[in-house]
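Trainee: My structure is below; once you've seen it, I'll send some questions.
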Amino acid sequence: MNDMAIRVERLGKMYRIGGVRESYKTLRDSLVGVVTNSIPRLRGRQHTSCKLEIIWALKDVSFDIKRGEIVGIIGPNGAGKSSLLKILSHITEPTEGRAVIRGRVGSLLEVGTGFHPELTGRENTYLNGAILGMKKAEIDRKFDEIVAFAEVEKFIDTPIKHYSSGMYMRLAFAVAAHLELEILLVDEVLAVGDNVFQEKCLNKMGNVARSGRTVLFVSHNMAAINALCNRVILLEGGSVIKDGAASEVVPTYLNRSSTMASRRVWAEKERPGNSVVRLVSVSLRNAAGAPAEEINISENAAIEIEYEVIKEGARVMFSLVLLDANGNCVFGSLDNTEENAYYGKPLQPGRYLSVCHLYGNLLNNGRYYVSIIGASDYWTENFRADYAISFETIDDGKLKRDYWGNFGGVVRPKLCWTTTPLRGGPSANPSLGGKVNS
Amino acid sequence: MNLKSNSFLKNETEVPETVIEPTRGWVSLRIWELWKYRELLYFITWRDVKVRYKQAVLGVAWAIIQPLMTMVIFSLIFGKLAKLPSEGLPYPVFSYSGLLPWQLFAGTLQRGGTSLVGNANLITKVYFPRLIIPLSATAAGLVDFGISFVVLFGLMLYYGMVPSWAVLWLPLFVLFTLLTALAVGLWVSALNVQYRDVQHMIPFVVQAWMFISPVAYSAELIPEGPWRILYGVNPLTGVIQGFRWALLGGHPPDELMAVSVIMVGVLLLSGLFYFKRMEKTFADVV
């Protein structure tokens, strides 16, 4: 096959969990392991103490990708998407099976890899280019182009530790964008940078695609997948569940009960509702107002409920139930607040958006689910969409300050603490006592 | 834009084919692959050298100050006070000539040990032969070595010493030093990925290793017989002895050298194989 770009045959990747991935071993652990594992053997017992927990991040994955195809890889977290890209980019080795790749492989997630803050823009361009696989002659040839693309001409001989984050990103991206690659791997989940930058990455991919190169695109952003990919592979539990046109595979993914996304859009006929109102979509937005799969626990977020009023003069009300990873209710919230001017008012037919604003410093880090309960005419005709969306909360550590461990509990509110020295208590530190009292 | 034109050109030219498969057992070394990536080796070495003395007021002068100060201290304590024999050479030159290969070795061991872990962001994101990393840590030491070498010539001039024809052997002994450092560097860098104990062990090991190497004293002090052979198991004895002899004369390489050469060969080969064997899991473990 001449137009084959990637051929994957029965690929598998196994990880041992518990030891290898989460924390590196110490010599002592290994020594202790050797001793404790050999004791039962010495006693002639069955060797059962050492139970290796293994997981297959990928198992028996096969597919062919033709040159010029743009293939989306979707699936829930832990489905093996990133493992697949890591194997295809040669970073880690498969446990079984094989992959044949025709052409140079690169990925947009490598932007800025190996950048050193002490080196100048010029030096980093060469270093980064070499790391990404460019020859020096090639960088020489494209240098001016890269610098112009990044718009850092003036600062090209300044150490990049003095760059703004925008300049840094632009330069990093410019180098990656000037690679001559036949196959591009993009892991959006890992892509760093702000929305503008991610947007730029997506645009770039569009350009790349039109120029006839092969692209493998891992993403949770179904809109982007639909727009860019002519073929989609759905992975789950390390196996290919479905492989086909985006219009077939994406709905399969969204409708699977076990796959939760932070945005749920119901098809015309499946919208939950009653004779008065029907849900159109539920989605999560982060502090910046952008659709997000994950939110930062210290930042505000919003859950948007889009709905369609069918009957003239309907009075619509919503309740939101937040559940933790185990399905326990964290809280419920009603839309009958003072701020909500439309609550209880008769509405004209058409689309509406109700937004529930979540405070920052409220949730713990982990996975949460959102169920929506809707009703009309003061809770007479209820309907519900259980587990409509799910999202992940990420700990930025701001609330932890100098604490390193984990917090228990389903919520982690930011509460006020004070300390006051008591009369008759330790007054050995007059300077501190004086300051606190004054 | 520009990318389109590039890709059109590229599509018509040769397309490399890569096969990704699990490697089993003792893998082939694939040394040839290093040649393909020689520019990367150059750039990473160059980065390490360039960054090392950034934002230091004295900058590259540190490459001279370190061995020079150590030499002064050695000369005072071991030369003047303890009056250690120095194979008939002036003690400052004697100890400095031992310190040069020693520092090349110790520096590589220190940098090399943490090199893979320090470059974890590269290893988990881009493919390249992982050997590049400890190799560049070794090569980066050569620059310091070159700079402090100039001082050695100054010292020799001061003491009116002229190297004999044996100096022709010098490049060979420098290479030998590098190979020794690389051999140990391969082992510790790969071990450190899995066992971070190694990086805590290195400072202590380096300190102890110096005292079992003929840096401050002459290998002559070791009595003949089995102990002397055992002493040669430390490859640094052969390295330093040979280095000194090539430059300054003194005691020529003897059976110690033979033992050291064999040791380095064994360490280097086993180190290469161990490294290659562990290489495939670096990205998962580091």
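Trainee: Please go through segment A:347-374 and pick out each residue that is in contact (Cβ under 8 Å) with a residue 60 or more places away in the chain and under 19 Å from A:Gly313 (Cα atoms).
Mentor: Of everything in segment A:347-374, those that are in contact (Cβ under 8 Å) with a residue 60 or more places away in the chain and under 19 Å from A:Gly313 (Cα atoms) turn out to be A:Arg351, A:Gly374.
Trainee: Pick from segment A:114-125 the residues that are surrounded by fewer than 21 Cβ atoms within 10 Å (Cβ to Cβ) and within 7 Å of chain B (Cβ to nearest Cβ): which of them is farthest from A:Ile183 (Cα to Cα)? Give the derivation first.
Mentor: Narrowing segment A:114-125 to residues surrounded by fewer than 21 Cβ atoms within 10 Å (Cβ to Cβ): A:116-118, A:120, A:122.
From what's left, within 7 Å of chain B (Cβ to nearest Cβ): A:116, A:118.
On the way: A:His116: 27, A:Glu118: 32 Å.
Looking at the filtered set, the residue picked out is A:Glu118.
Trainee: Let me ask something else. Which of the following residues is touching a Phe, Trp or Tyr at 6+ places or on another chain (Cβ under 7 Å) and of a type outside the set (S, T, N, Q): B:Val188, B:Val239?
Mentor: On the way: B:Val188 fails: touching a Phe, Trp or Tyr at 6+ places or on another chain (Cβ under 7 Å).
Among B:Val188, B:Val239, only B:Val239 is touching a Phe, Trp or Tyr at 6+ places or on another chain (Cβ under 7 Å) and of a type outside the set (S, T, N, Q).
For every residue, the table says whether it meets (1) in contact (Cβ under 8 Å) with a residue 24 or more places away in the chain; (2) under 22 Å from B:Lys50 (Cα atoms).
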position: A:Leu119; (1), (2): yes, yes
position: A:Arg122; (1), (2): yes, yes
position: A:Leu127; (1), (2): no, yes
position: A:Ile139; (1), (2): no, yes
position: A:Ile146; (1), (2): yes, no
position: A:Phe149; (1), (2): yes, no
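Trainee: Something else about it: Taking segment B:60-77 only, how many residues are touching a Ser or Thr at 6+ places or on another chain (Cβ under 6 Å) and either loosely packed, with under 13 Cβ neighbours inside 10 Å or modelled with pLDDT under 90 (or both)?
Mentor: Summing the residues that are touching a Ser or Thr at 6+ places or on another chain (Cβ under 6 Å) and either loosely packed, with under 13 Cβ neighbours inside 10 Å or modelled with pLDDT under 90 (or both) in segment B:60-77 gives 3.
Trainee: Looking at (1) within 14 Å of chain A (Cβ to nearest Cβ); (2) in a loop (DSSP other than H, G, I, E, B), which one does B:Trp187 not meet, given that it meets all the others?
Mentor: (2)
Trainee: Restricting attention to segment A:315-337, does a residue exist that is more than 30 Å from the chain's Cα centre (by Cα) and surrounded by fewer than 18 Cβ atoms within 10 Å (Cβ to Cβ)? It would help to see each step written out before you state the result.
Mentor: Taking segment A:315-337 and keeping what is more than 30 Å from the chain's Cα centre (by Cα), we get A:315-317, A:336-337.
Adding the requirement that they be surrounded by fewer than 18 Cβ atoms within 10 Å (Cβ to Cβ) leaves A:336-337.
Yes, some residue in segment A:315-337 is more than 30 Å from the chain's Cα centre (by Cα) and surrounded by fewer than 18 Cβ atoms within 10 Å (Cβ to Cβ).
Trainee: For segment A:126-140, which residues satisfy the criterion of being facing chain B (nearest Cβ under 9 Å) and of a type in the set (D, E, K, R)?
Mentor: Correct list: A:Lys135, A:Lys136.
Trainee: Another question, if that's okay. I need the full set of residues from segment A:59-83 which are in a strand (DSSP E or B) and of a type outside the set (Lys, Arg), in order please.
Mentor: Restricting attention to segment A:59-83, the residues satisfying the condition of being in a strand (DSSP E or B) are A:59-66, A:70-74.
Result: A:Asp60, A:Val61, A:Ser62, A:Phe63, A:Asp64, A:Ile65, A:Ile70, A:Val71, A:Gly72, A:Ile73, A:Ile74.
Trainee: Moving on. Is at least one residue of segment A:359-377 loosely packed, with under 15 Cβ neighbours inside 10 Å and part of a strand (DSSP E or B)?
Mentor: So far as segment A:359-377 goes, no, none of its residues is loosely packed, with under 15 Cβ neighbours inside 10 Å and part of a strand (DSSP E or B).
Trainee: Take segment B:239-286 and flag every residue that is of a type in the set (Gly, Ala, Ser), in a helix (DSSP H, G or I) and surrounded by fewer than 19 Cβ atoms within 10 Å (Cβ to Cβ). Working first, answer last.
Mentor: We begin by selecting, within segment B:239-286, every residue of a type in the set (Gly, Ala, Ser); these are B:242, B:246, B:249-250, B:258, B:260, B:265, B:270-271, B:283.
Those left that are additionally in a helix (DSSP H, G or I): B:242, B:246, B:258, B:260, B:265, B:270-271, B:283.
Correct list: B:Ala258, B:Gly265, B:Ser270.
Trainee: Taking segment A:141-166, which residues are away from every other protein chain (no Cβ under 14 Å), in a helix (DSSP H, G or I) and surrounded by 18 or more Cβ atoms within 10 Å (Cβ to Cβ)?
Mentor: Pass one, segment A:141-166, residues away from every other protein chain (no Cβ under 14 Å): A:151-156, A:163-166.
Pick out the ones that are also in a helix (DSSP H, G or I) and you get A:153-155, A:165-166.
Passing the criteria: only A:Phe155.
Trainee: Here is a follow-up. Do you know which residues across segment B:181-211 are touching a residue at least 24 places away in the same chain (Cβ under 8 Å) and closer than 28 Å to B:Ile73 by Cβ?
Mentor: Scanning segment B:181-211 gives B:Ala181, B:Val184, B:Gly185, B:Val188, B:Gln199, B:Ile202, B:Pro203, B:Val205, B:Val206, B:Trp209, B:Met210.
Trainee: I would also like to ask the following. Report, by residue number, each residue of segment A:66-89 that is within 14 Å of the chain's Cα centre (by Cα) and within 13 Å of another protein chain (Cβ to nearest Cβ).
Mentor: Going residue by residue through segment A:66-89, those that are within 14 Å of the chain's Cα centre (by Cα) are A:73-82.
Selection gives A:Ser82 alone.
Trainee: Taking segment A:177-196 on its own, how many of its residues are within 22 Å of the chain's Cα centre (by Cα) and at pLDDT 80 or above? Step through it out loud before you land on a result.
Mentor: As a first pass, look at segment A:177-196 and keep what is within 22 Å of the chain's Cα centre (by Cα): A:184-196.
Now drop any that are not at pLDDT 80 or above, which leaves A:184-186.
So the answer is 3.
Trainee: I want to confirm something. Restricting to segment A:90-113 and keeping residues that are under 20 Å from the mean Cα position of the chain (by Cα) and in a loop (DSSP other than H, G, I, E, B), which single residue is nearest to the other protein chains (Cβ to nearest Cβ)?
Mentor: A:Thr113
The values are calculated or read from the model by the stated rules, or taken from the named source; none is laboratory data. Here the structure is a predicted model, which means the values were calculated and not measured. Quick reminder, even Gly has a Cβ in these numbers, built from the backbone with ideal geometry, and neighbours come from all protein chains shown.
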